[in-house]
Each structure stands twice: as C-alpha cells, then as structure tokens.
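Heads up: the structure comes next, in structure tokens.
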Amino acid sequence: MADVTVREASEAELPAIVDLQNALLSTTTIEWTDTPHTVPERAEWLRRQRALRHPVLVAVAADDVVGWCSFGDFRDTIKWPGYRFTVEHTLHVRADARGRGIGTHLLRGLIGRAHSLGKHVMIAGVDADNAASIRLHERLGFTQAGRLREVGYKFGRWLDLVFLQLAL
C-alpha cells in the first residue's frame, strides 16, 4: 500500500471524484441512480460535508484519485436526534484499482475519523449482489444486520439491500 495515500479530499479533486462515481453509475449497482453527478453538485456537497465535520477521504496513487469515501448521518438527526451517533458511509474504488487494498485503506481511515468524532455505529448499505463489498466490510468487523428485499430498481431488475454495521 506504499504507493497509495489516503487523505482529505480537496476541491481540486472533485472532477476526479465525479468521473469515478459516474463511471460506476452506468455499469454497476453500487448506486441506485442513473442521474450523473456534476462537479457543481459535488462542490456543494463537499461544503456541506465540511460544515458538518463529515470527512471526505480520497485514495491517491501516482497523482490519480483511485478511490474515495465519506459518511453522513444515518437518518435525519435534527428530527430524530437519537440517531446522532450513527453514520452511514459510501465507498468507491475505481474499477482498475480494485484488489489492491485501497477500499480497506479508505474504510479504515473513515472508521478512525468516525471514532474520533464520537460516533458509535457505522452502517453500510450494500447491494446484495456485491459480494466483494460485503466481504470487505466483514473483514473489517462489520456484521450483517438485515436484508431488505426488492427495495431498489436498476437495469430492469429489482435489487436487495444488505445492511451491515460496525460498533465503533
């Protein structure tokens, strides 16, 4: 992993983050949307994340963004403040960079940030067919907490969502 650095994302890296995320939209069920992300939309998101002290981490190899991750509130913590210690994360690794431990490195960094911010539980919502992501989470101590059947739809088929959780 010496060739990969994980650090806070900068605004200059937003085009790379958007490109990575959009490349996955058309070919995977990692995100259940067909609407491409834009740099202005992600710039506003990054400002909100920073205001909330929610980290946005990037994995950089040879000056290229090869992955990124972040977390946000699990549910509306203004309306339901009892959820304020629980976060749900997102993790994306560029297709040509998978299998090199980048997802593990990113997720460990994110877990550390969540712990340092006083969070208690981290949630992952993973497409049930994404066995590699489920294995990654389980290797890092996440346990399956439930499966919601046919709650998503993409590519002309119904999708199941697996929830995994990690007590911090």
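Quick note: the coordinates plus some simple rules give every number you see, no bench work behind them. In this text the structure is predicted, and so the values were computed from the model without any measurement. A quick note on method: Cβ atoms are made from the backbone with ideal geometry, for glycine too, and the neighbour counts reach across all protein chains shown.
Taking the stretch 1-68, which trypsin sites (Lys or Arg not before Pro) meet the DSSP loop condition and have no more than 12 other C-beta atoms within 10 Å?
Hits after loop and neighbour filter: Arg53.
Compare Asp127, Asp34, Asp19 in a GNM of the chain, Cα atoms joined below 10 Å, and give the one with the largest fluctuation.
Asp34
Can you pull the one-decimal nm distance between simple spin-label points at Thr5 and Arg47, each 7 Å off the Cα toward Cβ?
2.7
Sum up the charges of everything whose Cβ sits under 12 Å from the Cβ of His37, counting Lys and Arg as +1 and Asp and Glu as -1, but leave His37 out.
-4
What does the helix-only formula give at 222 nm for the chain: each DSSP H stretch with n ≥ 4 adding -39500 (n - 2.57), the total divided by the residues, and the result rounded to the nearest 500 deg cm²/dmol?
Value at 222 nm, helices only, nearest 500: -9000 deg cm²/dmol.
Report ³J(HN,Hα) in whole Hz for each residue of the stretch 146-152, in order, from the Karplus equation J = 6.51 cos²θ - 1.76 cosθ + 1.60 where θ = phi - 60°; Gly and Pro get x.
Those phi angles translate into x, 9, 9, 7, 6, 9, x Hz.
Give me Asp96, Asp129, Asp63, Asp73 sorted ascending by neighbouring Cβ count inside 10 Å, so fewest comes first.
Asp63, Asp96, Asp129, Asp73
With label points built 7 Å along Cα→Cβ from the Cα atoms of Thr35 and Asp129, find their separation and express it in nm.
Between Thr35 and Asp129, the label points sit 2.3 nm apart.
If every alpha-carbon in the chain counts as one equal scatterer, what log10 I(q)/I(0) does Debye give at q = 0.09, 0.18 1/Å?
The Cα Debye sum returns log10 ratios of -0.29, -1.30.
Normalised by the residues of the chain, what does the relative contact order come to in percent, with Cα pairs under 8 Å and at least six apart?
In percent, rounded to a whole number, it is 19.
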